[in-house]
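Data block below; observations after.
We did not get these values from a lab; they are worked out from the coordinates using the rules stated. This is a predicted model, so every value here is computed, not measured. Here the Cβ positions follow ideal geometry from the backbone for every residue, glycine too, while neighbour counts run over all protein chains shown.
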């Protein structure tokens, strides 16, 4: 799904960024088609077995300059453009067409071509012609993105000395990136992302002095980032993310004074953050992603020189030391991700100067309290994640709830003690996500929690909360994630599941009430129509009674854990209807009778535990039940058959 969404967004970007005629012929000549051009075009047409746009149906006769998608030069009648993109704009509507077939090498016979645009034709397969760089030397734009092309990029492509745009992204191309690309001195855009390229990033790319955009993310490239990339003085966007690159980030990147977007995340890069070293280096940088690498050392104080920064992600590295006070200079900063490092010290007071900050995530570090009062000036911050540091807050600062735009508060593992503060009910903005897990909260879950009608995520797990779940929780119609595990809660769970009193709206997908003292409510599971639940954990309670037939309504459930309770009944056949189940844990209960043969329909099951019950009879023979170990069935004295001992005849 992620790549499908990415493809739609990128394709729309290409529609607005790259110039093409959207399927409309520009007739520049009425003369007879050049024989070589005619042969090349007909060879291409013959390789296509389906064209939903109908454009190739116009390719008849000798006057190819009148064909749809073809542009000719007025004087010579030579074909200069082939514009057959997969996305066509007509009357301000954008529609996608398909061509299925092979890309014929005869296309290289059209030797006066300046534009070849076949982008977005998902059914176009085959390889890029090996002689493309020998015969199409006038080519300025080559758009073959979003196809199904395979094989290598031919080394001859370095002969396209006039090429300005090379878009080969979103194919299945493989092999190495040809070093001959370094000869394309006029190239402005080089897009090779989401293919299967391997090998190194060629040093020769440093010769592309006109290049403005280099994007090779989503491949399997290895080796170091070449120092020569720092010679690309015109470069505005560099994306090397989602590869297997290693080594240190070259200091030459600081020479890229025009760059505004830099993505190096999800590689194996190491070393310190080496830039900038002085004011004026990389002054245009707006987007910086270096997360999920092996970077270490401090965030340099000169980081504040990057005054154009809007979004920064340095998370999931090995950075250490204190946050530089120069962060306050980044007046354009809207998103700052520093999670999962070894940063220490206190949050600098200068953070309060980041008036445009919307997202601040510094979770999973070694940051100490107290929080600076200056953070109360963050008028636009919507998400604040300070979880799992050494803050030792004792109490939640009241100014935090008064932030006018705050909607997502994450303070897990922050040393908060005592009751949940009442001032959270009057936060400056409707709270959508609240995570106060792994603290030392005590007392009851307050009834005002039901007033947070925009709440989607509520995580109060791993505290010392007691008493019942309040009736008002049934008012949370938008609640999707409810995690209350590892508390001292008692009474019934019907506030969550019941028809009349339970959470309504069918939005719940994740429920964890395990490790509490709930004694009833299991009979309400599914009664309230929570058909979107994917994860349900009620283990380690004192639940009694039978599983209701309504549990079969949980069609989307993938993980069901009812272990370590006092449930007693036959295993209901209705469980066999939960075909999305990946994990089913029912151990340490008092279930009796046979294992229903319908359990053989649970084809997606990867984890099963029915141990320590009172089940009997033969285990139904077949997958997936025979694939589980003996421990999945042990402690049931009456069970037999694979993988246990054979049944007596």
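A few comments on the model shown:
- Nearest-0.05 FRET efficiency for residue 405 and residue 466, computed from C-beta distance (R0 35 Å): 0.55
- Rounded to the nearest 0.05, the FRET efficiency derived from the C-beta distance between residue 310 and residue 579 at R0 = 51 Å is 0.65.
- Column: log10 I(q)/I(0), Debye, Cα scatterers of the chain, q = 0.08 Å⁻¹: -0.83
- The C-alpha atoms of the chain define a longest principal axis, and helix 2-17 lies at about 30 degrees to it.
- Rh by Kirkwood over Cα pairs, then Stokes-Einstein D for the stretch 152-293 at 1.567 mPa s and 4 °C, µm²/s: 87
- Extension gain from residue 278 to residue 32, taking 0.36 nm per residue of separation minus the Cα-Cα distance: 82.3 nm
- Fully extending the segment from residue 398 to residue 355, taken as 0.36 nm per residue of separation minus the present Cα-Cα distance, adds 13.5 nm.
- Distance between the stretch 365-395 and the stretch 348-364 - C-alpha centres, whole angstrom: 9
- Extending 7 Å from Cα along the Cβ direction at residue 429 and again at residue 75 yields two label points whose distance is 6.2 nm.
- Whole-Å distance, taken between Cα centres, linking the stretch 141-206 and the stretch 557-617: 54
- Rounded to the nearest 10 degrees, the inclination of helix 35-46 to the longest alpha-carbon principal axis of the chain is 20 degrees.
- Rg and Dmax of the stretch 518-640, based on Cα coordinates, read 13.3, 37 Å.
- The simple spin-label model puts a point 7 Å past each Cα toward its Cβ; for residue 640 and residue 520 those points are separated by 4.1 nm.
- 15 Å reach of a label modelled at residue 248, 7 Å along Cα-to-Cβ, counting backbone N of the stretch 188-217: none
- Placing a pseudo-label 7 Å from each Cα along the Cα-to-Cβ vector at residue 542 and residue 366 gives an inter-label distance of 4.4 nm.
- Full extension of the chain between residue 623 and residue 234 yields a length gain of 134.1 nm, computed as 0.36 nm times the residue separation minus the alpha carbon distance.
- With viscosity 0.692 mPa s and temperature 37 °C, the Kirkwood radius over alpha carbon pairs of the stretch 285-431 converts through Stokes-Einstein to a diffusion coefficient of 213 µm²/s.
- Across the stretch 341-493, the convex hull enclosing all Cα atoms gives 97 Å³ per residue.
- Hydrodynamic estimate: the Kirkwood radius of the stretch 438-527 over Cα pairs, inserted into Stokes-Einstein at 10 °C and 1.306 mPa s, corresponds to D of 123 µm²/s.
- Euclidean distance of C-alpha centroids, the stretch 262-292 and the stretch 622-649, integer Å: 56
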